[in-house]
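Before any comments, here is the structure.
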Amino acid sequence: MGKKNKRRVPEVLWRLYRDRARSLSHAVTYLFTQTQLPPSNSNTSGAEDDMSFLLKHNDPSDYRNLLNNCYIVINDNARPLPSHFSLRNRWSQHQIVKKTIEMIMSENPVSSNVISSAYDKASTLPPPGGPASFENCSSFIFELLTGPAWCLLLKRVGDDLMVYLLKHSSIFLPLPHKKHHQVAGPPINDICRKLSNQTANSHCRSPSFVPFGPRKKRKRVDNVSPISERQPANSSVRESEKTSSINCVGCNGKSCLRPFSETSLYSHGQLIFSRDATKTNSVFGFKNKGDSDGRLQETSKQVTAKSRKRFRPFSWQRRRNRRQINFEEPTPSRTACTVKDGLHGRLQYDFNNRMQEKCPCCLILQAPLLVTKGNHIDRHSIFYSLEYSSTVLPRKHILNSLKPSSADAKFLIRKIFGLSDVNLSAESIPCSHSNGFCLVGSTCLLHSLVKLVKILIRRSQCCQHLRLLDKHCAIPSFEQKSSVEGNGSDKKLYEKTHRSTKMPEASDSQFEGIKSYCLKSQVVSFLWAVCRSIIPADLLGTPANWRVLRRNISRFIGLRRFEKFSLKQCMHKLKTSKFPFLSNKHSSCYLNAQILKAATGQNVTIHKEFSKVNDAFLNMKNELLMNWISWFFSFLVVPLVQANFYITEIEHGKKDIYYYRKSVWKKLTDKAITYLKDRSYNYLDDAAVRSVINKRSFGFSKLRLLPKENGIRMLANLKASSRMLAEKSCSEATSSRMWKKAQLDYKSVKFDHFKPVNYVLRDAHVVLKGLLQKEQDKLGSSVFDYNDVYRKYCSFLIGLRKESITVPGVFLVVSDVSKAFDSIDQDKLLRVMSDLILKDEYILEQSCQVVCMKKSLWVHGNSILTDENTSSSYTRLTNSLTFPSSQRILVSQGLSRSVKKEKLFFILNEHVKRNLLQFDNKFYLQGIGIPQGSVVSSLLCSLYYGDMERNVLYPIIEKIRESATEVRSGSHSSERINGDETTSSFPNYMLLRFIDDFLFISTSRKQAANFFSRLQRGFREYNCYMNEEKYGVNFDIGDKLGLSSNRVFVGHDGITFLRWSGLLINSSTLEVQGDYTRYLNSHLSSTLTVCWQGKPAKHLKSRLRGFMGPKCHPIFFDSNINSAAVVRLNMYQAFLLLAMKFHCYISNLSYICNLSATSYLKILEGSFRYVHVLIKRRMASLSIGPNICPTFTLEKGEVEWLGLHAYVQILKRKQSRHRELVSLLRSKLLRHRITGVVSCELKYAVEASHSFLIWKIKY
């Protein structure tokens, strides 16, 4: 029997409505079923005939698409459909939609129903003497609901049902690529916001909705649950609950009994006693070890069962319980561990008289579990910290504010272990460590901790950290520093590179300090030396634990930029028994041999009960250790790094981070400030800054430095809000000469807050983008992504090949603008914008996207520039769905706002002419160029250079003509290709520009040479000059040899390529391959972000798909551009790189978990299928032009064979780690149907000489 093709409800609708979301066809049949009205006059029955009245064999495809892919959700407050309603058609669909909207608006004038959005009653009236015209409708939702498919549906279901659907349901129409558009019902973006608020403020939810995120499996009952999962986060102890007592570990039975709540939880077959008060989330967990183990019995009078879906034990547990020995039922005034009348006097505790007396050991052991192993160490504070500290820790660190006294030591213990103020303030009594009950020589845990913490405080304030810093992180000279640490070992990084840059470059002598960073091994050595010098040995553990702890610190320091470090990783392989402060001498005392001997023969179950108690306190030790290790990493390791190092990325270091000593970075900062002033960045005092920002709504942007190979790049953060000390507060602090005090007293200081720059520029970006979409000629040859490159490049190649089987001789020029953003003439740019923004007012239409993320639904706002043509406005609205996720719904409620021309010019003028930057608490005004990083930067740069092309470059190119013998296409050969436009006379040249990176292709050598010489001279009127080191040509120009250019790449097979914007362009055939040269300068693992938490197999699968996404663009696999052999070579090279990343990812993951080879193979096979489907989907989604379609000839079997071959070749070089997986891959490859009949194209693809560049990548 074939697999049933079941349609799946979109994820967004499923998370919100579950089974209430139905396709239109199922919703209609469901309504007919509810009314018990036969849907058709036929006598057929069964599920296959339910839709016979809706769907006929000759129905159009758009109607079928509407029935199957449109989804309906009946509203909660909808009245039932009448049992007998009419199936007649008395009105047209246009009239029904119009009347329904007017009915909704009359019943509720402020209705938020999407169907009434932007509805204009006057515009829907038909012209005099004529029928209603769709062109008169101002709402595109009205047009969508009155289309031919809906008219046909009206004939099948009748007027009554159509009105019911429009009025009482939410309707979601299908869009391309499995997206949907809501056209009726309450807007789901409002529903998501309300649901989010309910989740945050209340624990009760509407039964119509469910929590976001995937469902979780019920855990096995016989497993011990984590403590944090056994007790609800909001649990509290009722005041009426009784309390019992249990002998405290480390204390005399008479003097100290520990109170605990009698509330017990029966979870997963375990009896769990929760501790007293709401100050703790920890519980005692008594686990069933086997049939021979004892179990505490609970009664309905003593315990309260935890509310769960199933709280009754399973049958095998109940049978085991019946086989066990029944204990004597304890009374409420006794602990569950009271087992013998002879011990009753020792175990009895009078709560009314002794409630205020608490043993210090009790206090420690009752410390709540502040953290869980899933908690992450916060690393955000270590990045880009410019604060200089004269002490080993930051100035405001808690250890710098304490004294080595008992009071301060207890205060710090409370912070580390979570003791409450009540516990510390309560009157404590000394522990009675008698030889008859406790271990000889044992001491109180609290007393020992107080002593250790005093030492910690004292040592932290007198640590000679500078001496240790100079010893372990000495500052090397530029000549000595030639390597960096990568992936755990020193790797050479700074080699000659071809990567292009866009920012000002300084000489090597000026910024030679950028290579004087510390190796990660040096940083770890310094941190460990400081920890050894300030932390008592008992808190660090035994030498065996030292090695483990230092290794964990090394892994923490070796993290990449966006990786997380959990407490589980901090405690990896640490043993509680190896920490002396948690030894039995300090924290545990057991019943001595005399008690056990006395109990023998009287009640054997006492051994088991005390064994369970001891197990519980072993768990408590683990909790104490987790609290300590969490504090150690969060409040010692992280502050140490923050106080002594400046942590940042390097341009060519990918996601690796680098550690600079604060003194080294200070020198670099001073040089950068000098360089800024030389580059027309003017210093402004606070008064001048206030005079600028007080006149506008946005403030300034903060600047940080990014080291690169031969200089420093300035990066401004325009996404963050800014604030400045209020003028009144500043004057008061200055006049009173109490600036330092005022700075510390945060509440007494007032700030003026300003919106982010990018937030205020949103409207300007929408207007500019909308105008440039209609006037694309103003952008010149600009392309903004590979989709634009693909359309223009493919059309150009098809034109070249029309009259010839092979591509004629072509000549390529590649060039890069020097300091593109920083050299723009501001006044000229503003004049160019004034020619574009002509209308006095622009209307922006607002909409929302509900995007399905992994664990939640995200509501994102959109705006587009409206157009007089409703259909074109709707097209741009649907095209504005920019998120890559396939699970999203568009909601348009007809909201709009207007933007005046004067306001737009004011905002753009302030952004361009008065760009304020804050660096090291000083302000600078940019005199030349425009800021990078804003939402309009790319558009402004492209508009500026597009104007230069139209006024200077294109006229020059048009004048350069070859003789008739050199020109193939005659008089019309100089016409340039224009985007998607294709003419019968193919163009003989093409110019593309990716922001500031030029690519010129021509069939004329003279034309290409003259273009190159014109670029060399530069364009003075635009202050535009090319970077002399970034030229690339494939032909000889006078005495200059083209192949010597650093933009030219020659493979081992002799094929010459030009590097341009991440692409390798074959200089002879114009075929396109991926540029992997940027991976040569660093270890491949620096490009990864490894996730050690959660489900490793799921994360690995997601990462592999993410790695392949950018490599699956149609420009690499379209047969209109590349030959069959090159298409397969591109796929093979992508799999080679993926296999390398797979190895690096698994290597980083291995110390935490390892999957089986079969699991890895299954994940890899799934990635092969995903790649083939992804390429086909992207091919279908991109349109090149009229009569031009993408061609994809790569079969699914070929993709799988190339993937298997690539993984075998890569992983066999790492045989020791992947021996079993390589064996499975080889057997899979040998059994593949293609292995025996490999085509010439596949042989060409897997030949090593064509991919020698990838084999040079370090992995």
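Please treat every number below as a calculation from the coordinates, not as lab data. Since the model is a prediction, treat every value here as computed from it, not as a measurement. Virtual Cβ from ideal backbone geometry, glycine too; neighbours counted across all protein chains shown.
Report the percentage of all Cα-Cα pairs in the stretch 600-724 whose separation exceeds 26 Å, rounded to a whole percent.
55
For 1087, 391, the sequence from fewest to most other C-beta atoms within 10 Å is 391, 1087. Note on residue 762 and residue 467: with the Förster distance fixed at 60 Å, the Cβ-Cβ geometry gives a FRET efficiency of about 0.70. Only residues of the stretch 1182-1225 count here: report those whose backbone N is under 13 Å from the spot 7 Å along Cα→Cβ of residue 1233, or say none. Correct set: 1195-1201.
Taking other C-beta atoms within 10 angstrom as a stand-in for reagent exposure, 19, 1118 fall in the order 19, 1118, fewest first. Using the Cβ-Cβ distance between residue 1174 and residue 56 with R0 set to 60 Å, the FRET efficiency from 1/(1 + (r/R0)^6) comes to roughly 0.95.
Just to be sure I follow: if Rg is taken over the C-alpha atoms of the stretch 796-851 and Rh is the Kirkwood radius over the same atoms, what is Rg/Rh?
1.25
The distance between label points at residue 1020 and residue 406 comes to 8.6 nm (points 7 Å beyond Cα on the Cα→Cβ vector).
Could you tell me the convex hull volume per residue, in Å³, taken over the Cα atoms of the stretch 1072-1255? The partial results should precede the final answer.
Working: hull volume 22.3 nm³, N = 184.
Cα-based convex hull of the stretch 1072-1255, divided per residue, equals 121 Å³.
Taking the average, over residues, of other Cβ atoms within 10 Å as the packing measure, peptides 691-703, 759-771, 641-653 rank 641-653, 759-771, 691-703 from highest down.
Based on the alpha-carbon gyration tensor of the stretch 1147-1254, what equivalent-ellipsoid semi-axes (square roots of 5 times the eigenvalues) come out, in whole Å, largest first?
30, 18, 14
Classify the stretch 366-411: rounded, prolate or oblate, from the alpha-carbon gyration tensor (a ≥ b ≥ c, eigenvalue square roots; a/c under 1.5 rounded; otherwise prolate if a/b is larger than b/c)? Judged from the Cα gyration tensor, the stretch 366-411 comes out oblate (a/c at least 1.5, b/c at or above a/b). Placing unit charges on the Cβ atoms only, positive for Lys and Arg and negative for Asp and Glu, gives the stretch 1121-1259 a dipole magnitude near 360 debye about its Cα centre.
A Förster radius of 30 Å, combined with the Cβ-Cβ distance separating residue 773 from residue 906, puts the computed FRET efficiency at roughly 0.80. A simple spin-label model places pseudo-atoms 7 Å from Cα toward Cβ; at residue 959 and residue 155 they are separated by 6.6 nm. Residues whose amide H lies under 5 Å from that of residue 895, counting only those 5 or more places away or on a different chain, are 846; hydrogens are built 1.01 Å from N in the peptide plane. Model label sites at residue 683 and residue 615, defined 7 Å from Cα along the beta-carbon direction, differ in position by 7.1 nm. Starting from the Cα of residue 1119, move 7 Å in the Cα-to-Cβ direction to define the label point; list residues of the stretch 1067-1093 whose amide nitrogen is under 19 Å from there. Within reach of a label on residue 1119, which here means backbone N under 19 Å from a point 7 Å along Cα→Cβ, the stretch 1067-1093 contributes 1070-1073. Take the cross-link list 677/1141; 515/564; 828/922 and give me the ones stretching past 31 Å between alpha-carbons. Result: 677/1141 exceed 31 Å. From most to least packed by mean Cβ count within 10 Å, the peptides 784-791, 58-65 give 784-791, 58-65. Put simply, when 812-819, 942-949 are sorted by average Cβ atoms within 10 angstrom per residue, most first, you get 812-819, 942-949.
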